[in-house]
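Okay, structure first, notes after.
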Amino acid sequence: MIASILIPRLLLALLLVVSLYGAWASWVGARRGDERYVRSGESAIYLNLVLALGAYAFLTYYFLTDAFQVAYVATHSSTAQPPLYKLSVWGGMDGSVLLWAAVLGVYSAACVWLGRGRRGALMPYVTATLCAVMAFFAAVLVFASNPFRTLDFVPAEGQGLNPLLQDPGMMVHPPALYLGYVGWTIPFAFAVAALVSRKLDAEWVVAARKWALVPWIFLTLGNLLGAHWAYVELGWGGYWGWDPVENSAIMPWFLGTAFLHSIMIQEKRDVLRTWNVSLIVITFCATIMGTFLTRSGIIESVHTFSESPVGPVFLGFLAFLAVGSAALITSRSDLLRSPNRMESVLSRENAFLFNNLLLIGIFFAIWWGTYFPVISEAAVGRRISVGPPFFNQVLAPLGLALLFLMGIGPLLAWRRTSQRQLRRQFAVPVATAVAASLVGWALHVREPYAVVTVTFLAFTLATIVQEFVRGVRARGRIHGESKGVAFVRLISRNRRRYGGYIVHVGVACVFLAIAGNVYVTSREATLRPGDVERVGPYTVAFRNLKVRQAPNYTAAVAELAVTREGGKTRYAHPEKRIYTAGQEQVSTEVAIDGRLLEDFYAILLEPLPDGTSARMKLVINPLVGLIWVGGLIMALGGIVTLTTPRPRAADRRPARRPPRPAEREVVTAA
């Protein structure tokens, strides 16, 4: 065992050395214009991939073979642990840092491979930046968080993975989040390359745009999977509790969304140069900030690791990134001045700018609420916690404003919008919004938040439908295509624009699901066999309480017969599990009867000493399924946008007749 442990340790040491060499060689090659050094730096990137994946493969092997002499394996695995969860080597701090390095190796190699022969002035600096970031994580693995440390003895049994993480969703949720977190390194590297090389036109933006879409898609899926895990595993009845680590995962998403919108303005009008460079730097810093939060122990959370020396290391790296990037941006201020200006408030670029301000406002509100306990302790010596009410009250109006602006943006033209265009573009969405609010009122939707959400939602969806309808009609007239063919080709010929609209549809679904929170019904009761409880339209009969034995836990299982207003009876089996590996730990397994527009959600709070009764919590969650549907639609829209091909001459067919002014933008999209 000792001999085999030396191999992955050597791989990590080589990863550090090769990363430092790759950063140096790429920098020298760029400054001297020497292709030999540039190619050598690129080779270092590929070697980094092999070294990082090799070390990760060794750690996975140790988990699968119960190599408990490795301290990290003994702490996060056990012989009774199902094989599936032995693959989740990211369940602790050391393994998660190694996963970060492995994912960074994949991204870096893909970036260099796909960028070979392109953007010669930028790529050597991109390579140098990627190697420098890898060198930091390799140094953390070698000196502060080495997953291959060994014990002086071989334990007979390991402590096992945290029971909360023993859920199938956790096999995909952390990797998806890491693919999102780490992916922002690539557009950050392009921004640094543009600043260092003084190539600050739209070239770096075009290069970084698709690389920004990839982590945005994975962050969308990662947050969606995390919300689903919290919904089915934590047993509190909801999907988002404004936990500090949840917040750390969503903050880069909001910043990345702002960046993807604002770079469109730079590509179209060549403005917001300083804003875009600063925004991608802040986005990358937010990923490091989230990593620091989970590994510093400064804030308590079910997701965080215990306090360790890694926290200060990440804080130092974050400070270096912030100060270094600020100095670099300041030194290039003359080159970052935009040659053009915003021409009118009523323009699409201004709508995107306001969109950015709202997204930044949401980010800052979440950041402030997350770190306020630390800030208050530093300022007044007393830790003051901020709970969900703060986030809900502050973010609700910002979110509604964002939803409304999401509908306004597509209705405005670039540069300026005439009064005639305003009347023509806004007529249908405004009428739809008014009609929706009246219908909602007739259906007893009276809660203010729900009323405003439904109104703005109808406005935004009407805008999107109007854009699709006009685009299909324009293609039909110009190319003589049927509606079905025109619809497919409309999206395929302008995937960036219409992929964005698909994302907006997904966001609308999520907003509607969140609005359903105001109509949640919940009840707690102590139930004995034969007891019947009524919750909303559901009748719940408590059948029995049984004990089930599994290889690594003992579970108390309640059986409930659930009937919705005379319909078919379904059975729900919520559990309370006690895991026996290592220290005894308790987890809650909820039972969910999912329907189209609502979920029946049962929680076994506590089995009573008599062995036949239990305290139960029964919840009716309306519209919660739209969270998962909306998240998937958002990811789909991101994928459609990501597959946007380069424009080809064959795609630019001449129109049969010159379009009228009001149709020009639709015809261009078609």
Size of the dipole of the stretch 61-174 about the Cα centre, Lys and Arg at +1 and Asp and Glu at -1 on the beta carbon, nothing else charged, in debye to 20?
680
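Please give the calculated 222 nm ellipticity per residue for the chain, where each DSSP H segment of at least 4 residues contributes -39500 (n - 2.57) and the sum is spread over every residue; nearest 500 deg cm²/dmol?
Values: 20 runs with 404 residues, N = 670.
Calculated mean residue ellipticity at 222 nm is -21000 deg cm²/dmol.
Mind ordering 203-211, 423-431, 441-449 by average Cβ neighbours within 10 Å, highest first? It would help to have the intermediate numbers written out before the result.
Numbers: 203-211: 21.4, 423-431: 15.7, 441-449: 11.4.
For the peptides 203-211, 423-431, 441-449, the packing ranking is 203-211, 423-431, 441-449.
First check a/c for the stretch 389-435, with a ≥ b ≥ c the square roots of the eigenvalues of its C-alpha gyration tensor; if it is under 1.5, answer rounded, and if not, answer prolate when a/b is larger than b/c or oblate otherwise.
Oblate.
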Suppose the Debye formula is applied to equal point scatterers at every Cα of the stretch 144-189; what is log10 I(q)/I(0) at q = 0.31 Å⁻¹?
-1.04
Accessible surface of the chain [probe 1.4 Å, protein heavy atoms]: carbon and sulfur percent:
63
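Taking the mean number of other Cβ atoms within 10 Å as a proxy for protection, how do you rank 473-485, 251-263, 170-182 from highest to lowest?
Numbers: 473-485: 15.5, 251-263: 23.6, 170-182: 21.5.
The packing order, highest mean first, is 251-263, 170-182, 473-485.
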Signed unit charges on C-beta, dipole axis of the stretch 387-510, positive-most listed residue V503, T455, V394
V503
Counting only backbone N atoms under 15 Å from a point 7 Å out along Cα-to-Cβ of R415, the residues of the stretch 342-365 in range are 342-350
Furthest towards positive pole of dipole, L195, P244, I280, structure part the stretch 147-298, Cβ charges:
L195
Among V106, N544, I578, whose Cα projects farthest towards the positive end of the dipole of the chain, with charges put on the beta-carbon of Lys, Arg (+1) and Asp, Glu (-1)?
V106
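Rounding to the nearest 20 debye, state how big the charge dipole of the chain is about its Cα centre with +1 on each Lys and Arg Cβ and -1 on each Asp and Glu Cβ. Mind showing how you got there, number by number?
Working: 62 positive and 40 negative charges, 785 e Å.
Rounded to the nearest 20 debye, it is 3780 debye.
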Taking a ≥ b ≥ c as the square roots of the eigenvalues of the Cα gyration tensor of the chain, is the shape rounded (a/c under 1.5), prolate (a/b larger than b/c) or oblate?
oblate
Centroid-to-centroid separation of the stretch 102-130 and the stretch 459-507 [C-alpha atoms, Å]
35
Please say if the stretch 52-126 is rounded, prolate or oblate, where rounded means a/c under 1.5 for a ≥ b ≥ c the square roots of the C-alpha gyration tensor eigenvalues, and otherwise the choice is prolate for a/b larger than b/c and oblate otherwise?
prolate
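How large is the charge dipole for the stretch 317-420, taken about the Cα centre, if only the Cβ atoms of Lys, Arg (+1) and Asp, Glu (-1) carry charge, to the nearest 20 debye?
Numbers: 9 positive and 4 negative charges, 54 e Å.
In debye, rounded to 20, the stretch 317-420 gives about 260.
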Surface accessible to a 1.4 Å probe, I620 within the full protein complex, Å²:
10
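Scan the stretch 117-155 for chymotrypsin sites (Phe, Trp or Tyr not before Pro) in coil per DSSP, keeping those whose Cβ has at most 12 other Cβ atoms within 10 Å, and list them by number.
Working: sites: Y125, F136, F137, F143, F148, F153; in loops: F148, F153.
Filter output for the stretch 117-155: F153.
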Taking the Cβ of L346 as the center, what net charge do the other residues with Cβ under 14 Å away carry, scoring Lys and Arg +1 and Asp and Glu -1?
+4
List the relative contact order of the chain as a percent without decimals, with contacts defined as Cα pairs under 8 Å and 6+ residues apart.
11
Under a Cβ-Cβ cut-off of 11 Å, what is the net charge of the residues other than G516 that fall near it, where Lys and Arg count +1 and Asp and Glu count -1?
-3
TM-like helix rule applied to the chain (DSSP H, alpha carbon span at least 27 Å on the long axis, mean Kyte-Doolittle at least -0.5) gives 2-32, 35-64, 93-115, 203-233, 244-269, 273-296, 310-331, 348-380, 388-408, 419-442, 448-479, 495-515
The chain - accessible surface per residue (Å², probe 1.4 Å):
43
At 1.4 Å probe size, put K86, K568, K617 in order of accessible surface, largest to smallest.
K568, K617, K86
Below 11 angstrom from the Cβ of F148, what's the summed charge of the other residues (Lys, Arg +1; Asp, Glu -1)?
+1
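The values are calculated or read from the model by the stated rules, or taken from the named source; none is laboratory data. None of the values given here were measured: they were computed from a predicted structure. FYI the Cβ positions are ideal-geometry reconstructions off the backbone, even for glycines, and counts take in every protein chain you see. Accessible surface is based on the protein model in full, side chains and every heavy atom, while ligands, DNA and RNA are left aside. Shrake-Rupley method; radii C 1.70, N 1.55, O 1.52, S 1.80 Å.
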